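The values are calculated or read from the model by the stated rules, or taken from the named source; none is laboratory data. These figures come from a predicted structure and were not determined experimentally. Reconstructed Cβ throughout: ideal geometry from the backbone, glycine too, with neighbour counts over all protein chains shown.
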Amino acid sequence: MHNKIIQTLKELERKEDCKILFAAESGSRAWGFASPDSDYDIRVIYVKPEAWYWDISAKKSDTFAAMLPGDLDISAWELRKTLQLFSKCNPSLNEWLGSPIIYYAEEAFFAEMKRLLPLYFNPIRAGHHYLALAENSWATLNENKEITLKKLFYALRGLFCAMWSANFRTMPPTEFNKLLIPELLVDEILQLIPELKKQKQQANEKAVLPLPETLYEFYIAQKEQTLQLLGDIKYQHSDNSELNNLLRTSVNY
C-alpha cells in the first residue's frame with residue numbers, strides 16, 4: 001500500500017501542477033489504533049509554481065482532495081494557506097508533522113516546520129481544541145451508556161492531548177501510546193487502556209461497549225482541572241516573519 005500511495009501522490013502532483021513538500025498519514029493509523037476497516041487518511045502540503053503567487057486574477061483554489069479506490073482519502077493544502085493556519089496554531093496540522101507514517105518530506109522544509117512548531121504552538125488554543133473533540137465524542141453515549149470503540153478512543157485521545165497541552169505547554173505527540181505516561185495518567189487508567197486498545201484493533205469501526213465508569217469519572221475530573229490550568233496560561237503570539245521567509249524560499253523551487 002505504501003508504494004501505491006507514493007505513486008498516487010506523484011500522479012496528483014502532475015495533475016494539479018504543484019510540488020508536494022510533505023505527505024503523511026493522519027487519523028487513527030497515525031495515532032496507532034486503527035481498526036481493520038479504517039481508511040487511509042493522507043494529508044499533503046504542496047506549493048504551486050512561482051507565477052501562481054503573483055497573478056492578480058480571481059482567487060484560486062488553495063486545496064484539493066481525492067477519494068480513491070483502496071480507501072485512500074487524500075486532502076491537500078497549498079503552502080500559504082498552510083502557513084496561515086500554522087501561525088494561529090492548528091493542532092490537526094501540527095499532528096501531521098508528528099505522524100509516524102510519512103510518505104514524503106522535502107528535507108529542508110520539514111526540518112524548518114519542526115523547528116518553528118514550538119514558536120507558534122498555543123497551548124490554550126490546542127487545549128480547548130482537544131477538549132472539544134473529547135466532548136463531541138462523549139456526547140455520542142446512548143441511553144444505555146454505551147459508546148462505539150471508535151468514539152471512545154477519540155474521546156480519550158482528545159482528553160489526554162488537552163491534559164498534555166495544559167500541563168506541559170507543548171504539542172502533544174501524534175501517537176496515542178506516547179500520551180500514556182505516569183506523569184499524566186493514574187495507574188488505573190494506564191492499566192485499562194491496553195485491553196480497550198486490543199478490542200479496538202480487532203473490531204470494526206462501529207463496535208460498541210458499555211462505558212467503563214472509571215473512564216467517565218476520570219474525564220469529568222480532568223476536564224475541570226485542565227480548564228483551570230489553561231485559564232492560568234499567558235500566551236504571546238510570535239510574529240510571522242519566519243513563516244514569510246519559509247514561504248518565499250519554498251516558492252522558489
Worksheet item: Which one of the conditions (1) among the aliphatic types (A, V, I, L, M); (2) within 22 Å of L79 (Cα to Cα); (3) in contact (Cβ under 8 Å) with a residue 24 or more places away in the chain does A111 fail to meet, given that it meets all the rest?
Response: (3)
Worksheet item: Just checking, how many residues over the stretch 168-222 are touching a strand residue (DSSP E or B) at 6+ places or on another chain (Cβ under 6 Å), surrounded by fewer than 13 Cβ atoms within 10 Å (Cβ to Cβ) and in a loop (DSSP other than H, G, I, E, B)?
Response: 1
Item to complete: Of the conditions (1) polar (S, T, N, Q); (2) closer than 30 Å to C18 by Cα; (3) exposed (fewer than 15 other Cβ atoms within 10 Å of the Cβ), N142 clears all except one; give me its number.
Response: (2)
Response to the item:
Note on K234: of the conditions (1) basic (K, R); (2) under 19 Å from N94 (Cα atoms); (3) outside any helix (DSSP H, G or I), unmet is (2)
Worksheet item: Is it the case that the stretch 113-120 has a residue that's surrounded by fewer than 19 Cβ atoms within 10 Å (Cβ to Cβ), closer than 16 Å to V44 by Cα and not assigned by TED's automatic domain parsing to the domain that holds S165?
Response: yes
Worksheet, complete the sentence: Filtering the stretch 17-28 for residues that are in a helix (DSSP H, G or I) and either farther than 14 Å from I74 by Cα or at pLDDT 95 or above (or both) leaves a count of 1
Worksheet item: Name the pairs whose Cβ atoms lie under 7 Å apart, with the first residue in the stretch 237-253 and within 12 Å of Y53 (Cβ to Cβ), the second loosely packed, with under 15 Cβ neighbours inside 10 Å and not hydroxyl-bearing (S, T, Y), and 6 or more positions between them or separate chains?
Response: V251/E50; N252/E50
Worksheet entry | Residues of the stretch 1-26 satisfying the condition of being surrounded by 19 or more Cβ atoms within 10 Å (Cβ to Cβ) and over 25 Å from T249 (Cα atoms) | I5, T8, E25, S26
Item to complete: Test L116 against the criterion of being within 16 Å of the chain's Cα centre (by Cα) and of a type in the set (A, V, I, L, M, F, W, C), and give yes or no.
Response: no
